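The structure under discussion appears below in the form of structure tokens.
Bear in mind these aren't lab numbers, they're just calculated from the coordinates by the rules spelled out. Because the structure is a prediction, the values reported are computed rather than measured. In this analysis, Cβ positions are derived from the backbone assuming ideal geometry, glycine residues included, and neighbour counts consider all displayed protein chains.
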Amino acid sequence: MKEVLLVTGSSGIAAATARMWAADNPVFIVGINKDECRKLTSELGEADFAAADVRDEAAVRDAVSACVRRFGTIHALFNVAGISARSVGDGPLHLCTAEAWDTVMDVNAKGTFLMCREVLAHWTKNTRSGVILNMGSVTARHPQRDHFATAAYAASKGAIETMSVSAAAYYAPYGIRVNVIAPGLVRTPMSARAQSNQQIMEYMAHKQPLTKGILSADDVARTACFLLRPDSSPITGQIVTVDGGWAVSE
């Protein structure tokens, strides 16, 4: 049986996962950039999209409904859509702006919450099982002060982790699984600042020794696909770190 994946985001890890999944199964993209969503969908096989801001309750509801109309149901949800708030003042806690805190919480934490809530409502109403994978970050539990001191971003990912574990406990009797994937530094549009900094790139060579530096989006997507598929059916309530060795390296 084909498994329908709804993934939020249309670049980086979201796009890499969509491409891997679409080799055998349908994909529905939800993203804020309509042109980017359309382009990604055109590269895939059985796929469709809805342009939506994950912070918007009505837009999230409409996007989930559109996926169900197109493919009949949803088997898996991967919440990837998120932002960095450095441009509006994220940083060490004593310097972090209220705007940065509110912005990153609104997109990362609230956006993930709204998507989870809508898909879970569909599953519980129709007595269906399913799997949710939410996007965390290695920085939520393994901070690095010199180059990655972003208090608001880390807090938003910590909120996603605790929400996910709580949900995993509640929905396990329904056959619904909820996990988090927590990447290290990945080559995506969101990490452009780090990629352009030679000092950070040299540091990452030993901070993520398994990949000898920055991870590729495919590195994360491979583990994401495993966690979203029935192959991982015994796994729920877990924070799975895919970090090239970040957490165990200085």
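Rounded to the nearest 20 debye, the dipole size of region 43-150 about its Cα centre is 440 debye, using +1 on the Cβ of Lys and Arg and -1 on the Cβ of Asp and Glu. With a ≥ b ≥ c taken as the square roots of the eigenvalues of the C-alpha gyration tensor of region 149-250, please select rounded if a/c is under 1.5 and otherwise prolate if a/b is larger than b/c or oblate if it is not? Prolate is the answer for region 149-250, as a/c is 1.5 or above and a/b outweighs b/c. Annotation: the residues M135, M1, M190, sorted from fewest to most other C-beta atoms within 10 Å of their own C-beta, follow the order M1, M190, M135. Ranked by the mean number of other Cβ atoms within 10 Å of their residues, highest first, the peptides 116-125, 15-24 fall in the order 15-24, 116-125.
Note on the chain: lysine pairs with Cα distance below 28 Å, sequence gap of 8 or more or different chains, count 10.
Taking a ≥ b ≥ c as the square roots of the Cα gyration tensor eigenvalues, region 83-166 comes out prolate, since a/c reaches at least 1.5 and a/b is larger than b/c. Ordering K207, K2 from the fewest to the most neighbouring beta carbons within 10 Å gives K2, K207.
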